[in-house]
Amino acid sequence: MRVFITGASGWIGSAVVPELKTAGHEVVGIARSDSSAAALVGAGVHVHRGTLDDLDLLHRLASDSDGVIHLAFKHDLAFSGNFQGAADADRRAVEVFGDALANTNRPFVLASGTLGLALGQVATERDGHDAFADAASNAGPETRRATAELVLSFASRGIRSSIIRLAPTNHGNGDNGFMAALVDIARQKGVAGYVGDGTNRWPAVHRLDSAVLFRLALENAPAGATLHSVAEEGIALRDIAEMIGRHLNVAATPIDSEDANEHFSWLARWVGVDSPCSSLVTQELMAWKPEQVGLLEDLDQGHYFNEVK
Ligand SMILES: NC(=O)c1ccc[n+]([C@@H]2O[C@H](COP(=O)([O-])OP(=O)(O)OC[C@H]3O[C@@H](n4cnc5c(N)ncnc54)[C@H](OP(=O)(O)O)[C@@H]3O)[C@@H](O)[C@H]2O)c1
């Protein structure tokens, strides 16, 4: 297939691209900087210069493709306080993909997340695209959730649309996401913190296992499928903190919830969340079996603790 992928230069995308190419697919991407363009060319991607806001370009590349994987998200905008702006841009891009792919039966795969689904219970693929109870106080997540619902509705417009909800930590060597942030905070604060008794759980997956699932979804996911890229259902945050503490030689320490904002900064919202998640339906439906190391073992390999990444 000729696959158009947004976010090909990102953490997930840079694993999905070789997975697609190894399987014989041709890959087309966009780049908004010289460095991302160079990285994509090096990875064998046909590169077009442009951004998520170039809606005509997105429409043309999607129309010319046999399928689209949408991974780009304006994390820089979202994490600098304008989540709503990032979610709005994402929504506009998704609407364009819907128009370009309508009545083609071609695949469209969207990346989403598991964190905050069915809080306190093991979330499954059957749970709706629900986010935090306090999402109303922050409209951005609401918009992103509605975008996920829109993508599922594309199934009724002749698009083989699917959503992959990713565990909050797609770990691996070079990670700059949540796990790397927890390590940085522990290094800065001199303690590896967790909230309360630290028994709250996060699911996890290795990004190479996620890459395989994106390829399988592109090739085979039934229209309207919600899939979970989750290898481990739930790992207690205290176990994560203890592993981080051991490698940084700092104590794993409970942080009072009232001090969490100051301690964890932008991560505070998520560190205390109990959000385990299953992928049994996905594994059966897609014949997907995660094969990479688990999170704690990955942390124990030491690469997260190199000062310079
Ligand atoms: N990583 C995780 O553990 C995780 C967990 C749950 C959900 N997700 C979701 O999975 C998707 C991929 O995540 P990721 O970790 O790979 O993110 P990432 O490493 O931040 O990569 C984001 C990608 O989007 C591109 N991008 C950002 N703004 C853009 C713009 N204005 N125009 C065009 N491209 C733009 C970036 O290009 P540049 O190279 O130019 O920066 C990069 O390729 C996202 O939707 C994310 O929210 C990720």
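Tabulated data for the structure shown
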| item | result |
| --- | --- |
| Residue among Leu166, Leu208 that is buried (at least 21 other Cβ atoms within 10 Å of the Cβ) and closer than 23 Å to Lys289 by Cβ | Leu166 |
| Counted residues, segment 88-122 - those being among the acidic types (Asp, Glu) and within 11 Å of the ligand (Cβ to nearest atom) | 1 |
| Pairs with Cβ under 7 Å, 6+ apart, first in segment 18-29 and within 19 Å of Asp209 (Cβ to Cβ), second of a type outside the set (A, V, I, L, M, F, W, C) | Glu19/Arg215; Leu20/Arg215; Lys21/Gly44; Ala23/Arg215 |
| Residue in segment 14-22 that is touching a helix residue (DSSP H, G or I) at 6+ places or on another chain (Cβ under 7 Å), near the ligand (Cβ under 10 Å from one of its atoms) and over 30 Å from Asn103 (Cβ atoms) present | yes |
| Test: residue in segment 16-24 that is modelled with pLDDT of 95 or more and not in a helix (DSSP H, G or I) | yes |
| Selection from segment 225-242 of residues that are touching a strand residue (DSSP E or B) at 6+ places or on another chain (Cβ under 8 Å) and assigned to a helix (DSSP H, G or I) | Leu237, Arg238, Ile240, Ala241, Glu242 |
| Segment 50-65 - residue that is acidic (Asp, Glu) and over 18 Å from Ile159 (Cα atoms) and, of those, surrounded by the fewest Cβ atoms within 10 Å (Cβ to Cβ) | Asp56 |
| Every residue from segment 164-190 that is of a type in the set (Val, Ile, Thr) and within 16 Å of the ligand (Cβ to nearest atom) | Ile164, Thr169, Val183 |
| Selection from segment 220-238 of residues that are surrounded by fewer than 17 Cβ atoms within 10 Å (Cβ to Cβ) and either outside the structural domain of Asp66 (by TED's automatic domain parsing) or at negative phi (or both) | Asn220, Pro222 |
| Residue that is buried (at least 17 other Cβ atoms within 10 Å of the Cβ) and more than 21 Å from Ser35 (Cβ to Cβ), where the choices are Val68, Val47 | Val68 |
| All positions within segment 25-56 that are assigned to a helix (DSSP H, G or I) and of a type in the set (D, E, K, R) | Asp34, Asp56 |
| Answer from Gly81, Gly85, Gly67 - the residue that is touching a strand residue (DSSP E or B) at 6+ places or on another chain (Cβ under 6 Å) and either more than 10 Å from the ligand (Cβ to nearest atom) or more than 15 Å from Gly13 (Cβ to Cβ) (or both) | Gly67 |
| Residue list for segment 26-36, restricted to those being buried (at least 17 other Cβ atoms within 10 Å of the Cβ) and more than 9 Å from the ligand (Cβ to nearest atom) | Val27, Val28 |
| Count of segment 165-188 residues which are in contact with a helix residue (DSSP H, G or I) (Cβ under 9 Å, 6 or more places away or on another chain) and closer than 13 Å to Ala241 by Cα | 9 |
| Answer from Gly245, Gly193 - the residue that is surrounded by fewer than 21 Cβ atoms within 10 Å (Cβ to Cβ), more than 16 Å from the ligand (Cβ to nearest atom) and at pLDDT 95 or above | Gly245 |
| Every residue from segment 92-122 that is assigned to a loop (DSSP other than H, G, I, E, B) and among the charged types (D, E, K, R) | Arg106 |
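The values are calculated or read from the model by the stated rules, or taken from the named source; none is laboratory data. Source: prediction; values computed, not measured. We place every Cβ from the backbone using ideal geometry, glycine too, and count neighbours over all the protein chains shown.
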